[in-house]
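The values are calculated or read from the model by the stated rules, or taken from the named source; none is laboratory data. Keep in mind the model is a prediction, meaning the values are calculated, not measured. Every residue, glycine among them, receives a Cβ derived from its backbone with ideal geometry; neighbour counts consider all protein chains shown. Calculation scope for accessible area: heavy atoms of the full protein, side chains included, ligands and nucleic acids excluded. Shrake-Rupley method; radii C 1.70, N 1.55, O 1.52, S 1.80 Å.
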Amino acid sequence: MLALIQRVSQAQVTVDDQVVGAIGPGLLALVAVEPGDSQEQIRRLAQRLLGYRVFSDAAGRMNRSLTDTAGGLLLVSQFTLAADTRSGTRPGFSTAAPPEEAERAFNELVAICRENHPPGVETGRFGAHMVVSLVNDGPVTFLLRP
C-alpha cells in the first residue's frame, strides 16, 4: 500500500459532473493497494496519513500533522500509482492488487481514518472515472508507505 499525499488549500473529486468529495485545507491522498497488503499495513498507513507532519508551525517549520490542524482528508483510490514502470514504454499493473482486494483494503483505510479523524474524511468513488482538482499548497508532496 502506498499513498501520494499533497498538502492542499482545497481539493475535490467529480464523477459524472457531480462532486462526490471535497475538502478545504488539508491533505489529498492518492492511494494504491498492492497484492497482499495486510491489516497492519492498512492501519499503519492510516496512522501515517493522520500523523505525518507536513503543516507549518508558528516558526514556519513542518511540525504539525493533519490531526493537529484538524484539516480535511480526501482519499482517492488510484491503482495506477502501483504500476510497474521499470522498463519499456507502457506501465504494467501486475503490481497492483486485484479490484476486489483493493476495494476492500481501500474501504478499510477509509473507515479507520474516519474513526480517528472527526474533522472529516472525504473520498472519490472506487473504480469510477474521476476528475480530481486540487490546489497544491507549497507545493508539498510526499510518497508514503506504511
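Annotations
- Solvent-accessible area, 1.4 Å probe, carbon plus sulfur percent, for the stretch 2-144: 48
- Max mean-square fluctuation residue, GNM over the chain, Cα-Cα springs under 10 Å, options Ala59, Ala111, Ala11: Ala59
- Under 17 Å from the Asn63 label point (7 Å along Cα→beta-carbon), backbone N, the stretch 106-120: none
- Helix content alone sets the calculated 222 nm mean residue ellipticity of the chain: runs of n ≥ 4 DSSP H residues at -39500 (n - 2.57) each, divided across all residues, give -7500 deg cm²/dmol.
- Per residue, the accessible area of the stretch 2-144 comes to 53 Å², computed with a 1.4 Å probe over protein heavy atoms only.
- Top of Ala58, Ala70, Ala83 by mean-square fluctuation, Gaussian network on the chain, Cα under 10 Å: Ala58
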